[in-house]
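Read the structure below first, then the notes.
The values are calculated or read from the model by the stated rules, or taken from the named source; none is laboratory data. None of the values given here were measured: they were computed from a predicted structure. Here the Cβ is made from the backbone with ideal geometry for all residues, glycine too, and neighbour counts use every protein chain on show. With ligands, DNA and RNA removed, areas are computed over all heavy atoms of the protein, side chains included. Shrake-Rupley method; radii C 1.70, N 1.55, O 1.52, S 1.80 Å.
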Amino acid sequence: METGSPHGTGTAGTGGPAASGDGEPVWIALPPGLLRMRRLLLVVWLGLLTLATALVPGLLAGPGWAAFALLPLALLVWGWVLLERNWRSWRYAERADDLLISRGVLWREETVVPYGRMQLVEVTSGPVERHFGLASVQLHTAAAASDATIPGLDPAEAERLRDRLTELGEARSAGL
């Protein structure tokens with residue numbers, strides 16, 4: 001698993017909360033497989049749209065109208081760059097009492113999920129995610145608005161995180 005991000009570095013699979021010497025959390029970046037998966041989906045969908053945009057107007061109205069196929073290609077280039085910026089913005093950190101999840105390029109969002117508030121921790125992996133060797137961890141808390149997800153993790157890291165969060169959640173809720 002690749003660690004680190006423009007926002008900090010981290011180590012996946014350590015089995016415990018981590019903090020740097022100055023008390024700052026150690027951020028763990030998402031693996032590059034998530035970016036590859038999203039880019040492939042972008043190319044497939046916009047490639048099909050480009051083909052349809054070139055063929056349908058080109059055959060029905062003349063070859064000049066096939067120039068509209070340049071619009072999906074422009075979206076493909078723009079989306080390629082935006083997907084990487086979005087992927088780089090995702091990170092998470094395990095602390096002693098809570099889990100931090102940070103994401104967002106224009107609007108930064110940082111979610112703090114206290115271990116004692118976790119009710120359910122799920123690991124999910126759809127067919128496309130499984131093909132790329134990825135899984136997501138979804139955290140459900142007492143407040144529905146505070147549910148959080150960490151997408152695109154290595155399945156072993158997702159299971160480790162699920163087990164650790166479940167263990168910490170049970171320990172914290174028992175102590176309430």
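Residues of the range 18-176: accessible area per residue at 1.4 Å, in Å²?
On the way: 8900 Å² over 159 residues.
Normalised by residue count, the accessible surface of the range 18-176 is 56 Å².
Using θ = phi - 60° in the Karplus curve 6.51 cos²θ - 1.76 cosθ + 1.60, the 3J(HN,Hα) couplings for the range 114-129 round to x, 4, x, 8, 6, 9, 8, 10, 10, 10, 10, 7, x, x, 5, 4 Hz; x is entered for Gly and Pro. Simple spin-label estimate for LEU42 and ARG88 gives 1.3 nm between the two label positions (7 Å along the Cα-to-Cβ direction from each Cα). Shape descriptor for the range 70-171: Rg over Rh equals 1.05 (Cα atoms; Rh from the Kirkwood inverse mean 1/r).
Extension gain for LEU59-ARG108 works out to 13.1 nm (0.36 nm per residue, less the C-alpha to C-alpha distance).
Residue separation of THR149 and PHE132 scaled by 0.36 nm, minus their Cα-Cα distance, works out to 4.3 nm of gained length. In order along the range 50-67, the phi-based Karplus estimate (6.51 cos²θ - 1.76 cosθ + 1.60, θ = phi - 60°) of 3J(HN,Hα) comes to 4, 4, 5, 5, 7, 6, 4, x, x, 7, 8, 10, x, x, x, 6, 5, 4 Hz; Gly and Pro are listed as x. For TRP90, the residues whose amide H sits under 5 Å from its own are GLY104, ignoring neighbours fewer than 5 places away on the same chain, with H placed 1.01 Å from N.
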